[in-house]
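A.B. asks: Would you mind keeping the following structure in view while I ask a few things?
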Amino acid sequence: MPYTQALSIAEGKGLDLVMMSGASKPPVCKILNYGKYKYEATKKEKELRKAQKKIEVKEIKLSMTIEEYDTAYRVKNAIKFLQGGDKVKVSLRMRGRQQAYSKRAIEIIKDFVARLGEYGFTEKEPEIAGPNIFVIISPKKNA
């Protein structure tokens with residue numbers, strides 16, 4: 001129907017003429033209350049955003065001279081993070097002469113990751129970046 005006729009019908013009902021698809025020939029329009037339509041659209045968008053799960057990356061720091069009790073405590077925290085659905089970044093900083101023993105540092109990291117094997121998996125092998133070694137562990141999907 002012509003634009004002027006549709007507009008007069010909308011005004012007669014006290015509603016708005018809203019163009020839904022302007023790209024098509026002829027353009028598709030609806031007669032509706034635009035304020036209510038806009039409100040429902042923002043409400044629906046807010047619900048969709050609320051439903052999304054945000055994945056955070058939690059960091060756990062280790063050192064070359066870490067004791068067994070401290071390692072166990074950090075493993076417990078990492079398990080808690082993984083069960084919560086977050087990724088865990090395990091980093092180890094080597095200071096001074098410790099950098100000469102990077103193989104030992106990688107062993108410490110791999111031991112830590114092995115303890116988390118039931119709860120997560122590594123995305124890639126431990127990475128050496130200057131005096132730091134780090135690895136990111138993702139949670140396993142529950143079937």
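A.B. asks: So in the chain, what percent of DSSP beta bridges are antiparallel if you round to the nearest 5?
C.D. replies: 70
A.B. asks: Going 7 Å from the Cα of Phe121 toward and past its Cβ, which residues in the stretch 80-104 have a backbone nitrogen under 20 Å from where you end up?
C.D. replies: 80-90
A.B. asks: Can I ask one more? Pairs of Cα atoms under 8 Å, at least six residues apart: use those to get the relative contact order of the chain, whole percent.
C.D. replies: It comes to 18 percent, rounded to a whole number.
A.B. asks: Follow-up. Quick one: what are the phi-derived ³J(HN,Hα) couplings along the stretch 126-132, Karplus 6.51/-1.76/1.60 with θ = phi - 60°, whole Hz, x for glycine and proline?
C.D. replies: Result, rounded to whole Hz: x, 10, 9, 10, x, x, 10.
A.B. asks: Quick check: Cα centre of the stretch 96-143 to Cα centre of the stretch 14-67, how many Å?
C.D. replies: After rounding, the separation between the Cα centres reads 37 Å.
A.B. asks: OK, next. With +1 assigned to the C-beta of every Lys and Arg and -1 to the C-beta of every Asp and Glu, and no other charges, what is the dipole magnitude of the stretch 73-143 about the Cα centre in debye, to the nearest 20?
C.D. replies: Once rounded to the nearest 20, the dipole reads 240 debye.
A.B. asks: State to the nearest 20 debye the size of the charge dipole of the stretch 1-95 about its Cα centre, where the only charges are +1 on K and R beta carbons and -1 on D and E beta carbons.
C.D. replies: On the way: 21 positive and 11 negative charges, 28 e Å.
With only Lys, Arg, Asp and Glu charged at Cβ, the dipole is about 140 debye.
A.B. asks: Also, quick follow-up: I'd like to compare 30-38, 52-60, 77-85: which one has the highest average count of other Cβ atoms within 10 Å, and what's the full order after that?
C.D. replies: 77-85, 30-38, 52-60
A.B. asks: Of the labelled options (1) 55; (2) 45; (3) 61, which one gives percent of Cα pairs over 21 Å apart as computed for this structure?
C.D. replies: Calculated percent of Cα pairs over 21 Å apart: the matching label is (3).
A.B. asks: Under the definition of Cα pairs under 8 Å and six or more residues apart, what whole-number percent is the relative contact order of the stretch 1-77?
C.D. replies: Once divided by the residue count of the stretch 1-77, the mean separation gives 16 percent.
A.B. asks: At 25 °C and a viscosity of 0.890 mPa s, what translational diffusion coefficient does Stokes-Einstein give for the stretch 1-48, taking Rh as the Kirkwood radius over Cα pairs? Give it in µm²/s as a whole number.
C.D. replies: 207
Only the coordinates and a few stated rules stand behind these numbers; no lab work does. Quick caveat, the model's predicted, so the values are computed rather than measured. Glycine gets a Cβ as well: all are built from the backbone with ideal geometry, and neighbour counts include every protein chain shown.
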